[in-house]
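Q: Take this structure, written in structure tokens, and hold onto it; I'll ask about it next.
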Number of protein chains: 2
Amino acid sequence: MKKLINKAEDVVPEALAGMAAAHADMIKVFTNPNYIVRADGPIQGKVGVISGGGSGHEPMHGGFVGMGMLDAACPGAVFTSPTPDQMLEATKAVNGGAGVLHIVKNYTGDVMNFEMAADLAKAEGIEVAAVVTNDDVAVKDSLYTAGRRGVGVTVIAEKMTGAAAEQRRSLKDVAAVCQKVNDLGRTMGMALTSCTVPHAGKPTFDLPEDEMEIGIGIHGEPGRKRMKLASAHEIVEMMAAAVVEDLPYKSGDEVLAFVNGMGGTPLIELYLIYNELENYLKGKGIKITRRLIGSYITSLEMAGCSLTLVKLDDELTKLWDAPVKTPGLRWGA
Amino acid sequence: MKKLINKAEDVVPEALAGMAAAHADMIKVFTNPNYIVRADGPIQGKVGVISGGGSGHEPMHGGFVGMGMLDAACPGAVFTSPTPDQMLEATKAVNGGAGVLHIVKNYTGDVMNFEMAADLAKAEGIEVAAVVTNDDVAVKDSLYTAGRRGVGVTVIAEKMTGAAAEQRRSLKDVAAVCQKVNDLGRTMGMALTSCTVPHAGKPTFDLPEDEMEIGIGIHGEPGRKRMKLASAHEIVEMMAAAVVEDLPYKSGDEVLAFVNGMGGTPLIELYLIYNELENYLKGKGIKITRRLIGSYITSLEMAGCSLTLVKLDDELTKLWDAPVKTPGLRWGA
């Protein structure tokens, strides 16, 4: 196992310490239990927006805490759901009296623990709503999930939902935005290589030098199929077809396209993939009007990518364009 | 070779096409010869700032074209210097009558070709100055360089120099800022794994599963030494000591710290490394007041990192904080 780490058990706390030291202008990191909040929160009268999940997917979610996106994030151990006490403390910390939204990726542990935290927070008088993202078209059920997995759309949902909350919309409205993004979003991923969980010390799966896995999950859980390595053109065609046909996205649609690297894939390849994706969609009459290209929801050092589309309307486009200032995503008005 | 590409010879043009399609609001991409310019250039009365080098280091340099940073970038083939005609065309394209600065990483081919382009541009009546970055403390001469290599400080120099040009300072002043950043900056890199140049089809070097290379160059050219894999703590101590002692940085100094991933290293490890670096510098009485953490000057999918320090004063701090809007680096006023 080749990693820039000290002891496996210290990876998450030490990376959190690095984040805290690096971004004190945007975030505060609490430990025992671990959660990250906006440095300027809680904001009175604003819906608090929270997410969380296993570590190893950075910058998601902790890197998305800040103005215009999340109010807090709860990082679990690597590829392990955070615990209800983390989520409860985060919920209390961001409560500005207008309620708190939990954005939850559809993994059984995450869903269960966020539900438990919501119940505990409600018992303390905090209004809580939850939206579960489940955008992965690859498989119906998976190793850690009943139903579809929540993956790339979560990043887009966190951005747009955070922007809606920034406008002081109600909890019901903010939750509706998040649900809308999820409903209009679809994703598929693929891997060229496995990743290695620090505690495990060896690759999660073996993938021969001439094979790839299509439809992989963000923890390396099995996808749709293994096959011989193909060209970027063929890979995008396969994945984009699965995504487009699922919603379906239709000629005349305007979409946000998100080409995501899994952690070990360099940017030069992601731009090449984006080029293929734009050409593919053009052929279908689908127009990319917004895009995000980079490694935002990762699987440690896995090589590979995922493609996410979100159908846009005026509301979602404006929410995407709204200012955001987080360690992982940042632009001005 | 596992990559998300089509044919090896098409990697650079197809990635450039992806960049052009993705970032039409910020950049324009020209081909034959290849160069990238600001979409809103040339800007009359502003010094044009140009850089360039082999591809495979993305987002550097093309991703740094835009408001507040570069006016143009010239991408060569992967790990291959761009040609004088690219640099000449880029120089002419960004000339707003106030002269053009070439920021050149110290590699023999880059330096030679930029000199030739400068001579050609001068013959056409354009005032040109050049600054050569040479911040790598690892080796005195290397496979492709006489003298020290230009590496991480180039990213910081491009940001600060671009900000100075934005203020409409003279060519002489803008060049002086760039030179100052280089003079106050030092870098050292390391690799856990090799990268594979698409045309070559096999790793540039072999590195056993239990070894790393300290002082590696950004093309995988040899560093200072190979040794057994060490902890993040030990790695940072080794590299930071070499950097600190070289300038030297002293107790009481304020610095910008740049923890850079080489392309295949995930963000969670970079934050862990940043934590080690901040602790190391604290022990020396050196204070990090600005920082950049992420993969900005990469070596394709190489796993590893580099550490750059730049000693700050008020001028450089303000230039760092100034607004920038490029595909690879972006923040508001």
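Q: Across the range B:63-83, what is the total count of residues that are outside any loop (DSSP other than H, G, I, E, B) and either open to solvent by 10 Å² or more (accessible area, probe 1.4 Å) or without any contact (Cβ under 8 Å) to a residue 24 or more places away in the chain (or both)? Let's see the steps before the verdict.
A: First, pick out the residues of the range B:63-83 that are outside any loop (DSSP other than H, G, I, E, B): B:63-65, B:67, B:70, B:72-78.
After this cut, where a residue has to be either open to solvent by 10 Å² or more (accessible area, probe 1.4 Å) or without any contact (Cβ under 8 Å) to a residue 24 or more places away in the chain (or both) as well, the list is B:67, B:75, B:77-78.
The number of residues fulfilling the criteria is 4.
Q: Turning to a different aspect of this structure: Quick one: how many residues across the range B:284-319 are surrounded by fewer than 18 Cβ atoms within 10 Å (Cβ to Cβ), of a type in the set (D, E, K, R) and in a loop (DSSP other than H, G, I, E, B)?
A: 2
Q: Which of the residues that make up the range B:13-22 are open to solvent by less than 40 Å² (accessible area, probe 1.4 Å) and either more than 9 Å from chain A (Cβ to nearest Cβ) or within 20 Å of the chain's Cα centre (by Cα) (or both)?
A: Matches in the range B:13-22: B:ALA15, B:LEU16, B:MET19.
Q: Can you tell me how many residues within the range A:234-265 are of a type in the set (Ser, Thr, Tyr) and at the interface with chain B (Cβ under 7 Å from one of its Cβ atoms)?
A: Of the residues in that region, 1 qualify.
Q: Out of A:ALA163, A:ALA157, A:ALA191, report the one residue that is of a type outside the set (Phe, Trp, Tyr) and farther than 18 Å from A:LEU307 by Cα.
A: A:ALA163
Q: Between a residue in the range B:289-308 that is closer than 14 Å to B:GLU269 by Cβ and more than 9 Å from chain A (Cβ to nearest Cβ) and any residue that is among the hydroxyl-bearing types (Ser, Thr, Tyr) and not in a loop (DSSP other than H, G, I, E, B), which pairs come within a Cβ distance under 8 Å, given they are 6 or more apart or on different chains?
A: Every condition considered, the pairs that remain are B:SER306/B:THR187; B:LEU307/B:THR187.
Q: Tell me which residues, restricted to the range A:188-220, are in a loop (DSSP other than H, G, I, E, B) and surrounded by fewer than 20 Cβ atoms within 10 Å (Cβ to Cβ).
A: Once the filter is applied, which keeps residues that are in a loop (DSSP other than H, G, I, E, B) and surrounded by fewer than 20 Cβ atoms within 10 Å (Cβ to Cβ), the range A:188-220 yields A:HIS199, A:ALA200, A:GLY201, A:LYS202, A:THR204, A:PHE205, A:ASP206, A:PRO208, A:GLU209, A:ASP210.
Q: While we're on this one: Kindly indicate which of A:ILE273, A:ILE268 is among the β-branched types (Val, Ile, Thr), touching a residue at least 24 places away in the same chain (Cβ under 8 Å), within 9 Å of chain B (Cβ to nearest Cβ) and outside any loop (DSSP other than H, G, I, E, B).
A: Answer to the selection: A:ILE273.
The values are calculated or read from the model by the stated rules, or taken from the named source; none is laboratory data. Remember, predicted model here, so these are calculated numbers, not experimental data. Please note: Cβ atoms are built from the backbone with ideal geometry, for glycine as well, and neighbour counts cover all protein chains shown. We work out accessible area using only protein heavy atoms, side chains counted, and drop any ligands, DNA or RNA first. Shrake-Rupley method; radii C 1.70, N 1.55, O 1.52, S 1.80 Å.
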